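Report on the following structure.
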Amino acid sequence: MSADADVNVSRPLACEGLVMGKEGVAALVDVLIRRGFTVVGPTARDGAIVLAELRSADELPYGWGVELEAGRYRLRERFDGAAFANAAGPQSWKSFLHPARVREWSADRVDGGLVITADQAAPPRYAFLGVRPCDLRAIAVQDRVLTGGAYRDSGYEGRRSGALLIVVECTEPGATCFCVSMGTGPAAGPGYDLVMTEVADEDGHRFWIRSGSREGSEILAELPARPADPETRETARAGVTAAADRMGRTMPEADLRELMAGTLDAPRWDDVAGRCLTCGNCTMVCPTCFCTTTEDVTDLTGDHAERWRLWDSCFDLAFSQLHGGPVRASSRSRYRQWMTHKLGTWYDQFGSSGCVGCGRCIVWCPVGIDITEEAAALHDWTQSRTPATESERG
Amino acid sequence: MTTVPPPLPYRVAGTSAETADTRSIELVPAGRALPPFAPGQFAMIYAFGVGEVPVSASALRGRHGGLVHTVRAVGAVSAALCRLRPGDNVGLSGPYGTGWDLEAAVGHDVLIVAGGIGLAPLRPVVHAVLDRQAAYGPLAVLVGARTPADLVYRDEIASWSGRVRVEVTVDRPAPGWRGAVGVVTALLDRLDLRPDRTCALVCGPEVMMRHTARALVSRGVVPQRVQVSLERTMHCATGHCGHCQLGPLLLCRDGPVVGYDRVAHLLLVREL
Ligand SMILES: Cc1cc2nc3c(=O)[nH]c(=O)nc-3n(C[C@H](O)[C@H](O)[C@H](O)COP(=O)(O)OP(=O)(O)OC[C@H]3O[C@@H](n4cnc5c(N)ncnc54)[C@H](O)[C@@H]3O)c2cc1C
Ligand code: SF4
Ligand code: SF4
Ligand code: FES
């Protein structure tokens, strides 16, 4: 940082923020690593934007955008060189905060007794770089599920409480995005440590950055940045506002919880069941799906056993297995369980929607089933059944 | 709020065969003890290296002062639990779930309707009512079993006679069976039910609970005073694994015991 560089004068800058160029993002990654964080962010790999540990900001997907459609995902080159102008990829932060496979405890037979030991491996301190506003909300949803009830998942809590969240507001929604409908984006909601808005125009490639926590402010103070100029702020805000008008999908304007509770016997479930392969892809890519199963294993001595917890899916036939067979044997009932939980009963159980409108389930469904289209069809069905419409039809 | 604890080691203090495939096992803490269980609550019992399953407490204080569970061997874990011998160890956690609302039954006639092993989570209710008999009206227990040989707690049931009205029916009689044959709801006809004073507690297969609850309501028992204990797959018992959902309910948290008024409409939806 040069001697005359404009540096942090904390209060006014806290709301107006700072502006920095690509070198600021490079410095950010370096500062985070120096502070002991495991930095995880997007990078272009194997034809997709994936989340991976970053050693430097060079690994960010500068110049890569994505093309999304139901059942379709393509990388596309961008000529503005933007790093964060790509909507949700196949993974979410769930892979790090609520990993697919976790050892919970182990049990040992010792002198005729049983000793059970909780797994206490210290989690890495993550810094998540490039969190979308919808995914920020998804993390809040998982927080409520895993730490907001009578019991806290201590493993999740350990990984989560140490994590630093650096949000990048959305200026480039995908054709499958509908965060506006769900009230989760494209502007960032509360809960971040730092938030950036990326601008790449004739005035240059720059990032408007603000802090949302004390640690965020401390890190911001170490970056080569200048106070935000009004033009950059305006352009950044306009980009986010425009994104809100460019969502590819939208949910029907209805009380979704009521819609789900009132359509459990709708014929549409048979229709979607005819297309759904019950592969469970939608649950694996969803940033809020939290269901798990347990696996108990022993080693060769037979005196040491371990308890593992694995992601599970309500599309799996064994998911609802009771003595005598599965409760949800048909694909109709399994798709219905998934969608009515996401959009309806999640409110009853955890006080919010289980869907944040990221569109991943639409993109990664091999047959292109679209949750917004299914909700719209259910909504149409209820409308066609109301007496008013009936009499209009004569 | 508590952090999900790993199971605590418990030692088998005694076992007894109830039927050919069902055993009661009494567990005492090998070290630290779990908080006390209430009737209708359940434990997760871990069979070393095999797995962990939910099992209701079938008596809160057994002969050795421990917690009693009655397990029917239907698969790997339950069979491992039925093979346990005194001195063996298991992992135990709990108490989990919402049990029977016995306060709601105070001052009422108490009607227990059980199908098969469904009598296990209701047995602590019988004990609690007999302990405080003055607080409740008459107690009646209706039991349905597949065959006479599948009837659990046979000796204990006999010991209740005089203080509890017990009626047993079987699906398939065996030679020498002189009792009733048929579904448990038919036994309701034998009772002089006082619907406005009755609190009913029902546990058994879901169809049986649905028919019983419906029959009781059609006779005038208010749905809020019919409690049912529902079953779904459970892997965590702490609201984190998602397996035990019944529509809006997480049965490990909001159940297993629920008022029929809350679930009557859900029980009508196939494959929910
Ligand atoms: C609240 C509650 C109380 C219960 N109380 C009793 C009781 O007092 N006595 C008794 O004998 N049984 C009771 N059960 C049923 C008992 O938990 C199941 O019979 C047991 O889990 C079957 O497991 P298993 O491995 O022996 O059977 P398996 O047949 O080997 O299991 C096969 C599959 O069934 C699944 N499975 C079936 N039922 C359940 C379940 N309820 N939870 C988790 N997984 C299940 C497992 O996932 C497994 O993959 C209770 C169940 C619940 C939910
Ligand atoms: S249900 Fe689909 S759109 Fe909603 S949060 Fe999950 S993956 Fe995203
Ligand atoms: S909706 Fe699509 S992704 Fe989900 S289980 Fe069905 S086929 Fe798979
Ligand atoms: S048993 Fe896991 S959520 Fe209820």
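The values are calculated or read from the model by the stated rules, or taken from the named source; none is laboratory data. The model shown is predicted, which means the values in this text are computed figures rather than measured ones. For neighbour counting, all protein chains shown are included, and Cβ atoms are generated from backbone atoms with ideal geometry for every residue, glycine included. Just so you know, the surface numbers come from the protein's heavy atoms only, side chains and all, with ligands and any DNA or RNA stripped out. Shrake-Rupley method; radii C 1.70, N 1.55, O 1.52, S 1.80 Å.
Some observations on this one:
- Pairwise FRET efficiency - B:THR3 versus A:THR301, Cβ, R0 = 41 Å, nearest 0.05: 0.85
- Once the C-beta distance of A:ILE33 and A:ASP271 is scaled by a Förster radius of 45 Å, the resulting FRET efficiency is 0.30 to the nearest 0.05.
- Ranked by how many other beta carbons lie within 10 Å on average, peptides B:144-153, A:226-235, B:28-37 from highest: B:144-153, A:226-235, B:28-37
- Per-peptide average of other Cβ atoms within 10 Å, ordering A:109-116, A:373-380 highest first: A:373-380, A:109-116
- Inter-chain Cβ neighbour average for residues A:285-294, partner chain, 10 Å: 3
- Nitroxide proxy distance, nm - points 7 Å out along Cα→Cβ at B:ARG146 and B:TRP177: 1.2 nm
- FRET E, pair B:ARG61, B:GLU271, Förster distance 35 Å, beta-carbon r, rounded to 0.05: 0.30
- Mean accessible surface per residue for the stretch A:122-273, computed with a 1.4 Å probe while every protein chain stays in place, in Å²: 40 Å²
- Candidates A:LEU51, A:LEU129, A:LEU75, ranked by Gaussian network fluctuation over chain A, Cα under 10 Å, top entry: A:LEU75
- Per-residue SASA remark: B:VAL257, around 10 Å² accessible (1.4 Å probe; ligands, DNA and RNA not included).
- Per residue, in Å², the accessible surface of chain B once ligands and nucleic acids are set aside, probe 1.4 Å: 40 Å²
- Here's the picture: a label point sits 7 Å out from the Cα of A:GLU373 along the beta-carbon direction, and within the stretch A:218-256 the residues with their amide nitrogen under 15 Å of it are A:248-252.
- When the Cα positions of B:THR98, A:ALA150, A:PRO173 are compared along the charge dipole of the protein assembly as shown, B:THR98 comes out farthest toward the positive end, with charges on each C-beta of Lys, Arg, Asp and Glu.
- Residue-wise HN-Hα coupling along the stretch A:129-140, computed from phi with Karplus coefficients 6.51, -1.76, 1.60 (Hz; x: Gly, Pro): 9, x, 6, 6, x, 5, 6, 4, 5, 4, 5, 4
- Over chain A, relative contact order from alpha-carbon pairs under 8 Å, at least 6 apart, %: 22 percent
- Accessible area buried between chains A and B, both sides summed, probe 1.4 Å, in Å² to nearest 100: 3800 Å²
- Spin-label pair A:GLU67-A:LEU310: with each label point 7 Å from Cα along the Cα-Cβ axis, the two points sit 3.7 nm from one another.
- Lys, Arg +1 and Asp, Glu -1 on Cβ, resulting dipole of chain B about Cα centre, debye, nearest 20: 200 debye
- Each Cα pair under 8 Å and six or more residues apart adds its sequence gap; the mean of these over the residue count of chain B is a relative contact order of 17 percent.
- Full-stretch length increase - A:VAL110, A:ALA329 - with 0.36 nm per residue and alpha-carbon distance subtracted: 74.6 nm
- Members of the stretch B:1-25 that become less accessible by 20 Å² or more once partner protein chains are added (1.4 angstrom probe, chain alone as reference): B:MET1, B:THR2, B:THR3, B:VAL4, B:PRO6, B:PRO7, B:PRO9
- Rounded accessible area per residue of the stretch A:315-394, 1.4 Å, Å²: 38 Å²
- Shown for the stretch A:177-260: the carbon plus sulfur share of the solvent-accessible area, taken with all protein chains present and a 1.4 angstrom probe, equals 48%.
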